[in-house]
1. With (1) modelled with pLDDT of 90 or more; (2) aliphatic (A, V, I, L, M); (3) within 14 Å of TYR323 (Cβ to Cβ) as the list, and ILE83 as the residue in question, which single condition is left unmet?
2. Among the residues of segment 294-311, is there at least one that is over 24 Å from ALA111 (Cα atoms), touching a residue at least 12 places away in the same chain (Cβ under 8 Å) and either surrounded by fewer than 20 Cβ atoms within 10 Å (Cβ to Cβ) or touching a Gly at 6+ places or on another chain (Cβ under 6 Å) (or both)?
3. Filter segment 107-150 down to the residues that are under 30 Å from SER238 (Cβ atoms), out of contact with any Leu (no Cβ under 7 Å at 6 or more places or on another chain) and open to solvent by 30 Å² or more (accessible area, probe 1.4 Å) and list them by number.
4. Which residue pairs have Cβ atoms closer than 6 Å, lie 6 or more positions apart in sequence or on different chains, and pair a first residue in segment 20-36 that is under 17 Å from ARG7 (Cα atoms) and without any contact (Cβ under 8 Å) to a residue 40 or more places away in the chain with a second residue that is open to solvent by 100 Å² or more (accessible area, probe 1.4 Å) and part of a helix (DSSP H, G or I)?
5. Give the number of residues within segment 94-146 that are of a type in the set (A, V, I, L, M) and in a strand (DSSP E or B).
6. SER40 passes all but one of (1) more than 22 Å from ARG320 (Cα to Cα); (2) open to solvent by 70 Å² or more (accessible area, probe 1.4 Å); which number fails?
7. Would you check which residues across segment 43-79 are open to solvent by less than 40 Å² (accessible area, probe 1.4 Å) and in a loop (DSSP other than H, G, I, E, B) and list them?
8. Cβ-Cβ below 6 Å, separation at least six or inter-chain, first residue in segment 86-112 and touching a residue at least 24 places away in the same chain (Cβ under 8 Å), second open to solvent by 40 Å² or more (accessible area, probe 1.4 Å): which pairs?
Amino acid sequence: MPIPEDRRFAVLQAIVSDYISTHEPVGSKSLVDRHSLGVSSATVRNDMAVLEAEGYIRQPHTSSGRVPTDKGYRQFVDRLAEIKPLSPPERRAIMEFLEGGVDLDDVLRRAVRLLAQLTRQVAVMQYPRLTSSTVRHIEVVPLNPARLLLVIIMDTGRVDQRLVELGDVISEEQVAHLRALLGSALEGKRLAAASVAVAELATQAPVDIRDAVLRSASVLVESLVERSEDRLVLGGTSNLTVNAADFGGSPSGMLSILEALEEQVVVLKLLAAVKQPGMVTVRIGEEMEDEQIRSASVITTGYGSAGTTFGGVGILGPTRMDYPWAIAAVSAVARYVGEVLSAR
């Protein structure tokens, strides 16, 4: 006769919680002593036998207690009643720390460092995707009468700078005219639309600055078109050594995780799959497509603003992690990174 669903989950929840905090296999007596399950040790033993038969827990050694399996962690995560919200002081501290970033690079570095400290796992963050970016402003700076610096500022806080070598000298008035033309064509547009608009500029430009517009346009198109490479920021890699025993019980397990982080392709694929801010995805152990990280869990979400996803952010660590706290921390950091970048 199957045990009641609610009681079975209460036993599983207690095993997961105790194992996460103690890293020791959990026995029936300790469960009864630590948790108000309302049943005897004998009943808990029967419940544990059913959970083991169904694949939610396992016995690592003869005569030892039980530990959760990937299936058990999945059941635990899927049935989390609520994620403990961060306290107001914690939220203020996160926001103030991120707001202290001087530019996009600094904000992202601060975010991964903070997330790694909060969760004691490896934190990963994707640079804003160009496809989701809008041109906020373009500035044209004359370095000398025959050379210009174009500064393109995206709504994500990303800043690109490009040099334009002119075929002839142009005056300050012509630079101002060029700046106005480029601004009207680009500002407020997504990159795909902006690259089309700037490519059409040369045919509409006045004769006296047509060559400068053409040269600027060719440089800008190269800058605005989506690039194949993607960038990733990592923080807290040293946390892997603290949890080394959790990765398959051997050094090779942790080494495969380190290799995946170094190559970045596997992690970028996980972050690229993020759909929107506020939606958290938890992948546990065997659920990973890539064999290199099947001894780990990954928690990811998106960061951005006003329905636009700039990129993905998350943590990677052992399957034995504090999921409620980790999910709350990833969500909070993602939210505040989006707010900070959108306000710049």
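1. (1)
2. Filtering segment 294-311 for residues over 24 Å from ALA111 (Cα atoms) gives 294-295.
Cutting the leftovers down to touching a residue at least 12 places away in the same chain (Cβ under 8 Å) gives us 295.
Checking the rest, the ones that are also either surrounded by fewer than 20 Cβ atoms within 10 Å (Cβ to Cβ) or touching a Gly at 6+ places or on another chain (Cβ under 6 Å) (or both) come to 295.
Yes, segment 294-311 has at least one match.
3. Result: ARG109, ARG113, GLN117, LEU118, ARG120, ARG129.
4. SER28/ARG45
5. Step one: of segment 94-146, the residues of a type in the set (A, V, I, L, M) are 94-95, 98, 102, 104, 107-108, 111-112, 114-116, 118, 122-125, 130, 135, 138, 140-141, 143, 146.
Narrowing further to those that are in a strand (DSSP E or B): 122-125, 135, 138, 140-141, 143.
The total comes to 9.
6. (2)
7. GLY55, TYR56, SER64, GLY65, THR69
8. LEU98/ARG110; GLY101/ARG110
The values are calculated or read from the model by the stated rules, or taken from the named source; none is laboratory data. Values in this document were obtained by computation on a predicted structure and should not be read as measured data. In this analysis, Cβ positions are derived from the backbone assuming ideal geometry, glycine residues included, and neighbour counts consider all displayed protein chains. Ligands, DNA and RNA are excluded from the accessible area calculation, which covers all protein heavy atoms including side chains. Shrake-Rupley method; radii C 1.70, N 1.55, O 1.52, S 1.80 Å.
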